[in-house]
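J.: Got a structure for you, questions after.
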Amino acid sequence: MSESKHVRVERIAGLLAITLARPEKKNAVSARMYQALAQALELANAEPSIHVVLLDADGDDFCAGNDIADFVALARSGQQIEHSEVFRFLRALAGLAKPLVAAVRGRAVGIGTTMLLHCDLVYIATSAILSTPFVDLGLVPEAASSLLLPARIGQVRAFAMFALGETIEGQAAVACGLANATLPADEVTPRARAAAITLADKPALALQATKKLMREQGRVLAAIESEGREFSVRLASAEAQAAFMAFIGRRGSPA
């Protein structure tokens, strides 16, 4: 499996724990991180001894979204994003047959929020803030979120998140079905890990069959591909390039 110092992967009995480990950049996801994440999920799918996957993050924030510097480089390279490590990860996420549990603290931006739509259990800090500001970056939703987020929280609320940049905090995330429970930040990881361990002790094939019955994988994968085509167009647009430069200018450095 490809190594990344910013993604930590640990096997504990029937559990595969994946941790975003780039706290100095609020766990913004780089191309190398997407590669490591994709390979970890592919390992989980292929290895019968892995029953459950736990997704966690170091530091105060879950994930600040995609590393903007990588977006700039990808747009300038001319590579279609559907063939990038980003979309390899998204396909692996949508195709994961094993239960996926997430522990979320702080901010979850863009992919930090949309990946949660593929999780089977989500435990979130009361102070957490979820956002999907794709339009502000001249982009469109990804990870099948154009399908999954409206189905979860309703059309108008999802559009407000995508287009107005409205956010959802911990308690509201539970109320609208994006998370199972809110907890103090220091209790989120222990609660999520305990739930993952409980699942790992249950009949593995029955768990996988239950997950499969609950998810329309074909529709989800088709949405990822459709979004990918439009995302590639938007990524190369003048709107997106201007938004990226403005973002980098405000922050002083990418992501």
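J.: Which residue out of V140, V101 is surrounded by fewer than 22 Cβ atoms within 10 Å (Cβ to Cβ) and at pLDDT 95 or above?
T.: V140
J.: If you don't mind, another one. Do any residues in the range 184-203 that are more than 14 Å from V52 (Cβ to Cβ) and without any contact (Cβ under 8 Å) to a residue 24 or more places away in the chain have Cβ atoms under 9 Å from those of residues that are surrounded by 16 or more Cβ atoms within 10 Å (Cβ to Cβ) and of a type outside the set (S, T, N, Q), where the two are at least six apart or on different chains, and which pairs are they?
T.: D186/R105; D186/A125; E187/Y123; E187/A125; P190/A103; P190/L183
J.: Something else about it: Taking the range 47-89 only, how many residues are among the aromatic types (F, W, Y) and modelled with pLDDT under 80?
T.: 1
J.: Now for a different question. For the range 21-112, list the helices (runs of 4 or more DSSP H) that sit wholly inside it and hold at least 3 residues that are more than 21 Å from G138 (Cβ to Cβ); which are they?
T.: Values: elements: 31-46, 68-77, 85-95.
So the answer is 31-46, 85-95.
J.: Is the range 177-189 home to any residue that is closer than 30 Å to I81 by Cα and over 17 Å from the mean Cα position of the chain (by Cα)?
T.: no
J.: From T189, T132, T182, grab the single residue that is surrounded by 15 or more Cβ atoms within 10 Å (Cβ to Cβ), touching a Pro at 6+ places or on another chain (Cβ under 9 Å) and of a type in the set (V, I, T). Steps first, please.
T.: Working: T189 fails: touching a Pro at 6+ places or on another chain (Cβ under 9 Å); T182 fails: touching a Pro at 6+ places or on another chain (Cβ under 9 Å).
T132 is the lone residue from the list that is surrounded by 15 or more Cβ atoms within 10 Å (Cβ to Cβ), touching a Pro at 6+ places or on another chain (Cβ under 9 Å) and of a type in the set (V, I, T).
The values are calculated or read from the model by the stated rules, or taken from the named source; none is laboratory data. Every value quoted in this text rests on a predicted model; they were computed, and no experiment measured them. Backbone-built Cβ (ideal geometry, glycine too); neighbour counts: all protein chains shown.
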